[in-house]
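Visitor: Sending over a structure as structure tokens; questions will come in a sec.
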Amino acid sequence: MSKPLTPRISPSQKRSIARQEQILEVAAVLLEKLGPAALTTIRIAEDVGISVGTLYHYYPNKEAILHAMGQRWLQQMANTLKQDEQQSPANLHDFVELFVSHMHQLYKKQRGILHLVQAMFAIPQLMSLDEQHDELVINHVANRLEKMGVTLSLSERQRIGRTFHETSHALLLVVVNQSKPRGSKTLEELKRMLQTLVVSFT
């Protein structure tokens with residue numbers, strides 16, 4: 001029997017909403033430190049400074065907390081892609097520069113991002129979030145290519161978008177765990193790879 005993923009309450013008061021956000025923030029810090037296997041509701045409640053019973057008032061189990069973190073990540077991703085769409089790059093080279101810059105800022109802000117995406121990929125109840133995450137970026141790239149005059153079919157643009165996404169996603173997860181000098185070099189390598197990709201396919 002699958003565990004419930006929805007919060008037990010939908011907070012409407014500012015105090016309850018703030019508490020819910022605090023739980024997710026603390027869980028993200030602990031996820032980064034401990035990994036998903038060692039993350040427990042007891043430890044989260046302890047670090048938040050509340051009882052486990054109070055924690056369960058908001059989230060019924062650890063999976064529900066990870067699910068809420070994944071949903072928040074998806075919303076942040078959607079917001080970042082919307083920001084990207086508001087830019088008007090002059091060419092594909094500039095498009096890659098903007099995309100990588102926006103994504104890098106997003107990945108840096110999310111604590112425990114590597115463990116979170118691993119959980120989204122590995123925990124059956126969270127896999128739909130992983131699929132939604134992929135679709136967001138793939139369709140964004142496909143639509144951007146069309147707006148920039150790439151006349152390939154939608155399926156071809158989505159194919160490019162998938163390679164674009166999988167390459168950028170994998171390397172951005174590496175960058176956020178590297179030292180600043182090494183991360184900067186990896187980012188430049190990522191940009192060159194993506195620029196070569198979109199030019200060669202288009």
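The values are calculated or read from the model by the stated rules, or taken from the named source; none is laboratory data. What you see is a predicted model; the values in this text were computed from it and never measured. FYI the Cβ positions are ideal-geometry reconstructions off the backbone, even for glycines, and counts take in every protein chain you see. The accessibility values were calculated without ligands, DNA or RNA, using every heavy atom of the protein model including side chains. Shrake-Rupley method; radii C 1.70, N 1.55, O 1.52, S 1.80 Å.
Visitor: What length, rounded to one decimal in nm, is gained on full extension from GLN22 through to VAL150, with 0.36 nm per residue of separation minus their alpha-carbon distance? If you can, show how the numbers build up before the last one.
Guide: Values: separation 128, 0.36 × 128 = 46.08 nm, distance 4.41 nm.
Value of the extension gain: 41.7 nm.
Visitor: When only C-alpha pairs under 8 Å and at least 6 residues apart count, what is the relative contact order of the range 6-99, in percent? If you can, show how the numbers build up before the last one.
Guide: Numbers: 52 pairs, mean separation 28.5, N = 94.
It comes to 30 percent, rounded to a whole number.
Visitor: In nm, what is the difference between 0.36 nm times the number of residues separating LEU136 and VAL29 and their Cα-Cα distance?
Guide: Values: separation 107, 0.36 × 107 = 38.52 nm, distance 2.54 nm.
Full extension of this stretch gives 36.0 nm more.
Visitor: Here's something else I'd like to know. Using the beta-carbon distance between SER200 and ALA122 and R0 = 22 Å, what value does 1/(1 + (r/R0)^6) give for FRET efficiency, to the nearest 0.05? The partial results should precede the final answer.
Guide: Values: r = 33 Å, r/R0 = 1.48.
In this case the efficiency is close to 0.10.
Visitor: Can you put ARG15, ARG157 in order of accessible area, largest first, using a 1.4 Å probe?
Guide: Final ranking, largest accessible area leading: ARG15, ARG157.
Visitor: In addition: Okay, helix-only estimate at 222 nm for the chain: each DSSP H run of n ≥ 4 adds -39500 (n - 2.57), divide by all residues, round to 500 deg cm²/dmol; what do you get?
Guide: Values: 9 runs with 153 residues, N = 202.
-25500 deg cm²/dmol, from helical runs alone.
Visitor: So for the range 162-202, taking the charge dipole from beta-carbon charges (+1 Lys/Arg, -1 Asp/Glu), which of HIS165, SER179, VAL198 sits furthest toward the positive end?
Guide: Looking along the dipole axis, the top candidate is SER179.
Visitor: About the Cα centre of the chain, how large is the charge dipole given +1 on each Lys and Arg Cβ and -1 on each Asp and Glu Cβ? Please answer in debye to the nearest 20. Display every interim value, and only then the final one.
Guide: Details: 23 positive and 19 negative charges, 98 e Å.
Dipole of the chain, to the nearest 20 debye: 480 debye.
Visitor: Out of these labelled values of Rg/Rh (Cα atoms, Kirkwood Rh), (i) 1.03; (ii) 0.94; (iii) 0.98, which was calculated from the coordinates shown here?
Guide: Checked against the structure: label (i).
Visitor: While we're on this one: Taking a ≥ b ≥ c as the square roots of the eigenvalues of the Cα gyration tensor of the range 72-168, is the shape rounded (a/c under 1.5), prolate (a/b larger than b/c) or oblate?
Guide: On the way: a/c = 2.41, a/b = 1.50, b/c = 1.61.
Oblate.
Visitor: Restricting to lysine pairs 8 or more places apart or on different chains, what number in the chain have Cα atoms under 22 Å apart?
Guide: Taking the chain as the scope, the lysine pair count is 18.
Visitor: Carbon-plus-sulfur fraction of the accessible area of the chain, 1.4 Å probe, in percent? Kindly include the intermediate steps, with their values, before the conclusion.
Guide: On the way: 5520 of 10770 Å².
Carbon and sulfur: 51 percent of the exposed surface of the chain.
Visitor: Ok, one more. Using a simple spin-label model with points 7 Å from Cα along the Cα→Cβ vector, what separation in nm is obtained for GLN76 and GLU188?
Guide: 2.8
Visitor: DSSP loop (so not H, G, I, E, B), at most 13 other Cβ within 10 Å: list which GluC sites (Glu not before Pro) in the range 104-202 pass both filters.
Guide: Details: sites: GLU131, GLU135, GLU146, GLU156, GLU166, GLU188, GLU189; in loops: none.
Here no GluC sites (Glu not before Pro) fit, given the DSSP loop and packing criteria.
Visitor: For MET193, what accessible area in Å² do you get when you roll a 1.4 Å probe over the heavy atoms of the protein chains, rounding to the nearest 10?
Guide: 100
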